[in-house]
1. Across region 213-223, which residue is surrounded by the fewest Cβ atoms within 10 Å (Cβ to Cβ) among those that are out of contact with any Leu (no Cβ under 7 Å at 6 or more places or on another chain) and under 23 Å from R83 (Cβ atoms)?
2. Tell me which residues, restricted to region 36-79, are over 23 Å from A14 (Cβ atoms), crowded, with 20+ Cβ neighbours inside 10 Å and not hydroxyl-bearing (S, T, Y).
3. Show me the helices (runs of 4 or more DSSP H) entirely contained within region 173-242 in which 3 or more residues are without any contact (Cβ under 8 Å) to a residue 24 or more places away in the chain, more than 21 Å from E76 (Cα to Cα) and in contact with a strand residue (DSSP E or B) (Cβ under 7 Å, 6 or more places away or on another chain).
4. Among the numbered conditions (1) touching a residue at least 12 places away in the same chain (Cβ under 8 Å); (2) farther than 22 Å from M205 by Cα; (3) of a type in the set (V, I, T); (4) assigned to a helix (DSSP H, G or I), tell me where T142 comes up short.
5. Would you be able to say whether some residue in region 122-139 is under 14 Å from the mean Cα position of the chain (by Cα) and of a type in the set (A, V, I, L, M)?
6. Of G179, G172, which residue is modelled with pLDDT of 95 or more, within 30 Å of L220 (Cβ to Cβ) and crowded, with 23+ Cβ neighbours inside 10 Å?
7. Quick one: in region 28-38, which of the residues that are closer than 26 Å to T125 by Cα and not basic (K, R) is farthest from the chain's Cα centre (by Cα)?
8. Given the residues F150, F166, which is the only one that is in a loop (DSSP other than H, G, I, E, B), within 21 Å of L15 (Cβ to Cβ) and of a type outside the set (V, I, T)?
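The values are calculated or read from the model by the stated rules, or taken from the named source; none is laboratory data. None of the values given here were measured: they were computed from a predicted structure. Every residue, glycine among them, receives a Cβ derived from its backbone with ideal geometry; neighbour counts consider all protein chains shown.
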Amino acid sequence: MKTTPRVRARLAGALYGISAVPAGFSVFVLQKLVVRGDPAATATNILGSEALFRLGFVADIVGIMFVVGSVLFLYELLKPVSRSLALLMVSFCLIGSSIQALNSLQDLTALLLLKGGNTMTALTTAQSQALAFVFLRLHTLTYDLAMAFFGVFAILIGCLVLRSAFVPRVLGVLMVIDGLGYLTFSFATFLSPPFAARLYPYVPMVTALLGEASLMLWLLVRGVNAQRWEEQATAAAGQREL
């Protein structure tokens, strides 16, 4: 079913906004159950709230699904600006999303270690808790890695918006800043964790609010200038025919 550019814009904004709900819930669950530097207390919390823990990593997957849906509508919206850049944007989002999805396997592995069973009899309780804690730490590091790809994804969106004629260019500038924030925090996490700790939450949380929240809210509420979108799409189609 063919949709208008304004409908695509609003669907992209709506799906991206909805994704923040399960994603935020997943972060809340980990912050509630994981006790920094204390594997035993963390194990007690997770085993005492196993259903909540499972719901947390399922919510993470659901959030990723909404993001992927959103970026496909973004592709349809922005491809008249540059099909190649729009495809690159989708690629970086899918890579980042795939990496982030690995978090669910790490969380599930941590839970299996804590629950024990016949396959875990060689490990003591303390060893199982320590290993589970390592996998939970890997959850964070995996997300930090995914941020590098989401950073490039955001920068590409910013470049496309800056080159577009149907979305305010200031939103493109904010998206580039957003992407640079993701990249800075991701690399700082691996190169200098103390520096990354000083950046947080201003980078990447505030930069993301300025960039992604502003753009998606605009797309949801105002959409795009349909006439200018059609003009740019027609011009792009004419160039491909030459």
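1. Filtering first and then ranking leaves G223.
2. P39, A43, I46, F53, G56, F57
3. Filter on region 173-242 gives an empty set.
4. (2)
5. Initially, region 122-139 is screened for residues under 14 Å from the mean Cα position of the chain (by Cα), giving 139.
Pick out the ones that are also of a type in the set (A, V, I, L, M) and you get none.
So far as region 122-139 goes, no, none of its residues is under 14 Å from the mean Cα position of the chain (by Cα) and of a type in the set (A, V, I, L, M).
6. Working: G172 fails: crowded, with 23+ Cβ neighbours inside 10 Å.
It is G179.
7. Residues of region 28-38 closer than 26 Å to T125 by Cα: 29-38.
Next, from what is left, pick out any that are not basic (K, R): 29-31, 33-35, 37-38.
Working: V29: 17, L30: 16, Q31: 18, L33: 22, V34: 21, V35: 24, G37: 26, D38: 28 Å.
Applying the filter and picking the extreme gives D38.
8. Working: F150 fails: in a loop (DSSP other than H, G, I, E, B).
F166 is the lone residue from the list that is in a loop (DSSP other than H, G, I, E, B), within 21 Å of L15 (Cβ to Cβ) and of a type outside the set (V, I, T).
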